[in-house]
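**Student:** What follows is a structure written as structure tokens; I'll ask about it next.
The values are calculated or read from the model by the stated rules, or taken from the named source; none is laboratory data. Keep in mind it's a predicted model, so treat the numbers as computed, not measured. In this analysis, Cβ positions are derived from the backbone assuming ideal geometry, glycine residues included, and neighbour counts consider all displayed protein chains. Calculation scope for accessible area: heavy atoms of the full protein, side chains included, ligands and nucleic acids excluded. Shrake-Rupley method; radii C 1.70, N 1.55, O 1.52, S 1.80 Å.
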Amino acid sequence: AQKESGMLSLMRSSVEEDIDEEQEKAMNEELMANRHQGRILFSQECLMVVPMLAVRGKLELSTSTLSFTISPEFEAEFEKQAAYIANAKRFEGVNKFLMLTLPENKIWKLGELTHEEFRLYLFRQTAVELFFQDGSSSFFSFTSSLTSASVASIVAEYTSLGLDPFLLFKEARF
């Protein structure tokens, strides 16, 4: 019964009810532990772009979830840079790099995805932004525009809701 109630809690949308941070973290950990129950459709190294930071990691798409796992090498490099800057005597005042924190590994249910858009990252058409029911969004940059297009098409194919079409695919009307 405990396992069943845990699985039922995974099915709840974050929009349907307000939950506190601790419950949300526990649900996210449970989702991360069970993320590979579905078949893995796509796995690709990419950047998750958050304010002031581009985080290297792996984006994995299964039949029911989308997950981003931070690269351990990136995490170690980030901590090393933060320690160097914190110990350096030559920096005066407030250093904004020291205020940055790495985002946690993330997982989303595909059913909560509302729409997706192609984006430019560093003036290249290599990014996709995904929007969710709770109003949040995630921005991913890939190595090529072909990879970003394949991610977008696979995500659109496996979502149960009809996603809004990409602006890039709409016909230009003059």
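**Student:** Tell me, yes or no, whether segment 100-117 has at least one residue that is more than 29 Å from L41 (Cβ to Cβ), surrounded by 13 or more Cβ atoms within 10 Å (Cβ to Cβ), modelled with pLDDT under 95 and of a type outside the set (S, T, N, Q).
**Tutor:** yes
**Student:** Could you tell me how many of the residues in segment 118-135 are crowded, with 18+ Cβ neighbours inside 10 Å and within 14 Å of the chain's Cα centre (by Cα)?
**Tutor:** 4
**Student:** Is it the case that segment 154-167 has a residue that's crowded, with 16+ Cβ neighbours inside 10 Å, closer than 22 Å to S62 by Cα and at pLDDT 95 or above?
**Tutor:** No, segment 154-167 has no match at all.
**Student:** Which ones in segment 66-85 are open to solvent by less than 80 Å² (accessible area, probe 1.4 Å) and either touching a Cys at 6+ places or on another chain (Cβ under 7 Å) or touching a residue at least 12 places away in the same chain (Cβ under 8 Å) (or both)?
**Tutor:** L66, S67, F68, T69, I70, S71, F74, F78, A82, I85
**Student:** If A88 passes every condition in (1) open to solvent by 40 Å² or more (accessible area, probe 1.4 Å); (2) over 18 Å from the mean Cα position of the chain (by Cα); (3) modelled with pLDDT of 65 or more but one, which one does it miss?
**Tutor:** A88 satisfies all of (1) open to solvent by 40 Å² or more (accessible area, probe 1.4 Å); (2) over 18 Å from the mean Cα position of the chain (by Cα); (3) modelled with pLDDT of 65 or more except (1).
**Student:** Any chance you could count how many residues in segment 39-65 are surrounded by fewer than 17 Cβ atoms within 10 Å (Cβ to Cβ), in contact with a strand residue (DSSP E or B) (Cβ under 8 Å, 6 or more places away or on another chain) and outside any strand (DSSP E or B)?
**Tutor:** Of the residues in segment 39-65, 2 are surrounded by fewer than 17 Cβ atoms within 10 Å (Cβ to Cβ), in contact with a strand residue (DSSP E or B) (Cβ under 8 Å, 6 or more places away or on another chain) and outside any strand (DSSP E or B).
**Student:** Moving on. Can F74 be described as under 24 Å from T126 (Cα atoms), touching a Lys or Arg at 6+ places or on another chain (Cβ under 7 Å) and not in a strand (DSSP E or B)?
**Tutor:** Against the criterion (under 24 Å from T126 (Cα atoms), touching a Lys or Arg at 6+ places or on another chain (Cβ under 7 Å) and not in a strand (DSSP E or B)), F74 qualifies.
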